[in-house]
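Every number here is computed from the coordinates shown, using simple stated rules; none is lab data. The shown structure was predicted, so the numbers you read here are calculated from the model rather than taken from an experiment. Here the Cβ positions follow ideal geometry from the backbone for every residue, glycine too, while neighbour counts run over all protein chains shown.
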Amino acid sequence: ADLYHPYGYSNMRYVASLISGVGIFCVGTGLSVYHGISGIIDPHPIEDLFWGYCVLGGSLLSEGATLFVAVMSVQKGARQSNMSLRDYVFRGQDPSVNVVLLEDAAAVIGVTAAAACMGVSSLMNSPIPDAIGSLLVGGILGTVASFIIYTNVAALVGRSIPQYQLDKINAELEADVMIRAIHDVKGIDMGNYLVRYKAELDFDGRELTRAYLDKQDLNALLEEVKSFDNIDQLEEFMLKHGETIVDMMGGEIDRIEMKLRKNHPEIRHCDLEIL
């Protein structure tokens, strides 16, 4: 965090992933579809595909290796977040790893489809299957790129944390003796496993006053009230204790925020407002 970005730069990962998705869609999908349409409209005779198979084989090995590493990283992140692998990927919890996972998965599937279509072209001595393979690769890349764009746009706009996580935080907040009810609750996923939590609190004034009185000598307060001779003395008494009770309310809010952060370390910013 700095002066111009008080909530830090955690969303930069979503920006970078969004740019990656747009790049895949424009370049990868565009070129593949263009090559496929060109091959169908203006087919060329099939040439020797030996080096093409070598390139695809090398690509399959390298992309398969990075895909394996990405799968391991995603599984580890899902376990740490207590989420299923599917939810972890579909919510884009770790965009940098998810982009690698999806790109490599698309690459492995695309290489397999391209190799299969090239094999059919060699057997049939026709360029059409190879052109269809390009269209298939373009469709795969377009689907993956669209998903990457969708999940990262949703994260940048500001999406809610999972409902079960929000309910858990709300239940702990409502269980506090000083809180009568909570309203207008928002739990926003800030990325990088960080949460911004906001709620409006209906404070229980009787409990707050009782907690204040427990720290006072009630007999001394009674004698002080009995000694009043005029309204001015009563007003001064009320102002003094009223201000102290309000200060005590601020201390209670700080206590509640600290408790929430301790029990839920993912809460980076906690905004509690009094109704």
About its Cα centre, the stretch 163-274 carries a charge dipole, from +1 on Lys and Arg Cβ atoms and -1 on Asp and Glu Cβ atoms, whose size in debye to the nearest 20 is 660
Pseudo-spin-label distance Ser227 to Ala211, built 7 Å along Cα→Cβ, given in nm, is 3.0
Checked against a 19 Å limit on the C-alpha separation, the offending pairs among Lys168/Lys259; Lys215/Lys259; Lys76/Lys168; Lys215/Lys262; Lys76/Lys262 are Lys215/Lys259; Lys76/Lys168; Lys215/Lys262; Lys76/Lys262
Between the residues Val225, Gly205, Gly250, the Cα farthest towards the positive end of the dipole of the stretch 163-274, that dipole coming from +1 and -1 charges on the beta-carbon of Lys, Arg, Asp and Glu, is from Gly250
In deg cm²/dmol, rounded to the nearest 500, the helical mean residue ellipticity at 222 nm of the chain, built from -39500 (n - 2.57) for every DSSP H run of length 4 or more, is -22500 deg cm²/dmol
For semi-axes √(5λ) of the Cα gyration tensor in Å the list reads [x] 68, 22, 14; [y] 32, 21, 16; [z] 66, 16, 13; the calculated value is entry [z]
The chain: antiparallel bridges as % of DSSP beta bridges, rounded to 5, reads 60
Around Asp214 (Cβ within 13 Å, Cβ-to-Cβ, excluding Asp214; K/R +1, D/E -1) the net charge comes to +1
Label model pair Ser146, Glu273: point-to-point distance (7 angstrom along the Cα→beta-carbon line) in nm is 3.9
Rounded to one decimal in nm, the spacing of the 7 Å Cα→Cβ label points at Met248 and Ser38 is 8.0
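Compute the Cα gyration tensor for the stretch 10-157, then decide on rounded, prolate or oblate, letting a ≥ b ≥ c be the square roots of its eigenvalues: rounded whenever a/c is under 1.5, prolate when a/b is larger than b/c in the other cases, and oblate in all that remain. Display every interim value, and only then the final one.
On the way: a/c = 3.20, a/b = 1.92, b/c = 1.66.
Prolate.
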